[in-house]
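Participant: Structure below; questions to follow.
Where a number appears in this text, it was derived from the coordinates with a stated rule and is not lab data. These figures come from a predicted structure and were not determined experimentally. So basically every Cβ, Gly included, is an ideal-geometry build from the backbone, and we count neighbours across all protein chains shown.
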Amino acid sequence: MSQTNISASFCCMPIRVGIVGTGYAAKARAEALKGDEQFLSCGMQPLAEEMRKRKQNPTRSLLVTVAGHTPETAEAFSQTFQVQSTTSWQQLVEREDLDLVIISTINRDHGAIARAALENDKHIIVEYPLSLDPTEAESLVSLAAKKNKLLHVEHIELLGGLHNAIKQSLSKIGKIFYARYVTINSKQPAPQKWTYRSSLFGFPFVGALSRLHRFTDLFGQVDAVNCQSQFWYTDIDLYKACLCNAQLRFNNDVIGEVVYGKGETFCQSENIFTLYGEKGTLIFTPQQGQLLQGEKIQSIEVGARRGLFAKDTKMVIEHLLEGTPLYVTPEASLYTLKVADFTRKASETGKTIELK
């Protein structure tokens with residue numbers, strides 16, 4: 001995809017945006033777009049001044065419309081952000097007054113919406129995962145390249161203070177041989193939301209793809225996958241708790257263990273990332289980090305996680321306008337999605353899967 005061609009198409013107009021979804025991520029995107037009221041400095045200041053003289057708002061992006069799961073949620077969202085409400089996502093992606101579609105709805109629908117948007121010549125931001133099916137996701141990456149359209153799969157965990165602190169500290173512990181990441185979210189009681197429905201959320205490591213993406217970003221290629229999972233179902237699709245434990249063997253000999261659980265079966269939450277190296281150990285929580293080397297303990301600052309959806313949105317707008325690089329590629333997200341799907345297969349078969 002040519003960044004030059006993309007940026008040239010937006011040099012004299014705001015990027016017109018439609019959002020599919022009305023939840024937390026959609027609202028964060030909308031707030032970011034509403035707050036984006038400055039032109040980029042590169043060759044656009046004269047146009048900004050001319051628009052100010054005409055009493056026009058010189059925005060880089062313009063939120064035009066939203067489509068929600070129900071007409072009621074879409075209408076409430078549209079009133080909050082003073083934008084139009086579109087009846088369905090199918091109608092939204094067909095609108096000719098949109099350049100960019102942001103997909104912030106249930107995981108099950110990501111692939112279908114992304115395909116329809118690309119077929120209607122729209123650029124795309126989609127919250128991970130791109131699809132619940134890696135084969136469909138791969139075809140979407142190919143379609144975006146063929147259409148010369150941006151397909152950006154959000155992975156804001158890579159922008160956060162925790163991940164950056166880990167990357168900056170890795171060299172201090174020498175050759176890493178084992179890493180363990182545990183995220184358990186206690187919910188009393190478990191919410192009856194789509195994130196607790198297998199058909200809508202996907203297999204836990206697919207729906208919560210960021211857990212594995214931290215590992216593939218840090219350690220690269222995976223050679224083998226094993227996984228165990230347990231669900232506490234209240235009906236055929238809805239569960240009140242889940243627990244998944246995946247073991248990953250990387251090409252560089254690192255052994256990774258990822259534990260993900262949520263729901264009312266857990267009485268206590270936990271979030272800890274531990275990395276063992278030949279020269280020390282790193283222990284991170286979302287708030288702070290520690291470097292342990294013998295009896296020496298050194299504190300490591302961890303930056304805040306707030307504002308990451310806004311940062312991601314801003315980076316995409318600047319990429320479309322100026323061709324500035326993004327922090328993640330759709331191919332990297334696709335690779336992690338394939339690894340996540342192998343954890344599902346390993347859980348179902350009870351066998352270790354070799355990826356070589």
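Participant: Over segment 181-239, what is the relative contact order in whole percent, taking alpha-carbon pairs under 8 Å and six or more residues apart?
Facilitator: 39 percent.
Participant: Can you list the lysines whose alpha carbon is less than 22 Å from that of K146, not counting same-chain residues fewer than 8 positions off?
Facilitator: In chain and number order, the partners are K122, K338.
Participant: As an exercise, take the mean of 1/r over every pair of distinct alpha carbons in segment 198-268, invert it, and state the Kirkwood radius in angstroms.
Facilitator: After inverting the pairwise mean of 1/r, the radius is 13.2 Å.
Participant: At a threshold of 8 angstrom on Cα-Cα distance, excluding pairs fewer than six apart, so keeping six or more, what relative contact order does the chain reach in percent?
Facilitator: Computed over the chain, the figure is 20 percent.
Participant: Can you give me the C-alpha center-to-center distance between segment 293-356 and segment 81-119, rounded to a whole angstrom?
Facilitator: Measuring centre to centre over Cα atoms gives 24 Å.
Participant: Choose one of S88, G280, F309: the residue whose Cα lies farthest towards the positive end of the charge dipole of the chain (beta-carbon charges +1 Lys, Arg; -1 Asp, Glu; about the Cα centre).
Facilitator: G280
Participant: Still on this structure, please answer the following. Using only Cα atoms, what Kirkwood radius does segment 127-177 have, in angstroms?
Facilitator: Every distinct Cα pair counted, the radius reaches 13.6 Å.
Participant: Can you put E278, E138, E295 in order, fewest other beta carbons within 10 Å first?
Facilitator: Arranged by neighbour count, lowest to highest, E278, E138, E295 become E295, E278, E138.
Participant: Let me ask something additional. How many times 2.2 N^0.38 Å is the alpha carbon radius of gyration of segment 112-269?
Facilitator: 1.17
Participant: Next up: Let me spell out the model: positive unit charges on the Cβ of Lys and Arg, negative unit charges on the Cβ of Asp and Glu, origin at the Cα centre of segment 188-265. What dipole size does that give, in debye rounded to 20?
Facilitator: Here the size comes out at about 220 debye.
Participant: Size of the dipole of the chain about the Cα centre, Lys and Arg at +1 and Asp and Glu at -1 on the beta carbon, nothing else charged, in debye to 20?
Facilitator: 540
Participant: Determine, for each peptide in 296-307, 174-185, the mean count of other beta carbons within 10 angstrom over its residues, then list the peptides with the highest first.
Facilitator: Top to bottom by mean Cβ count within 10 Å: 174-185, 296-307.
Participant: Taking θ = phi - 60°, what integer Hz values does the Karplus form 6.51 cos²θ - 1.76 cosθ + 1.60 yield along segment 340-351, in sequence order, with x for Gly and Pro?
Facilitator: Ordered by residue, 3J(HN,Hα) equals 4, 5, 5, 5, 4, 5, 5, 5, 6, 9, x, 10 Hz.
Participant: Can you give the Rg/Rh ratio of the chain, where Rg is from the C-alpha atoms and Rh is the Kirkwood radius?
Facilitator: Reported Rg/Rh (Cα atoms, Kirkwood Rh): 0.99.
Participant: List the lysines whose Cα sits under 18 Å from the Cα of K167, skipping any in the same chain fewer than 8 residues away.
Facilitator: Partners within reach: K175, K279.
Participant: Work out, in µm²/s and without decimals, the Stokes-Einstein translational diffusion coefficient of segment 297-341 at 37 °C, 0.692 mPa s, Rh from Kirkwood over C-alpha pairs.
Facilitator: 248
Participant: If you don't mind, there's one more thing I want to ask. Helix-derived [θ] at 222 nm for the chain: sum -39500 (n - 2.57) over DSSP H runs of at least 4, divide by residue count, nearest 500?
Facilitator: Calculated at 222 nm, the ellipticity per residue is -11000 deg cm²/dmol.
Participant: I've got another one for you. Let me see the pair-distance distribution of segment 222-356: every alpha carbon pair, 5 Å bin width, integer percents in order.
Facilitator: Whole-percent P(r) values from 0 Å outward: 2, 8, 11, 13, 15, 17, 16, 11, 5, 1, 0.
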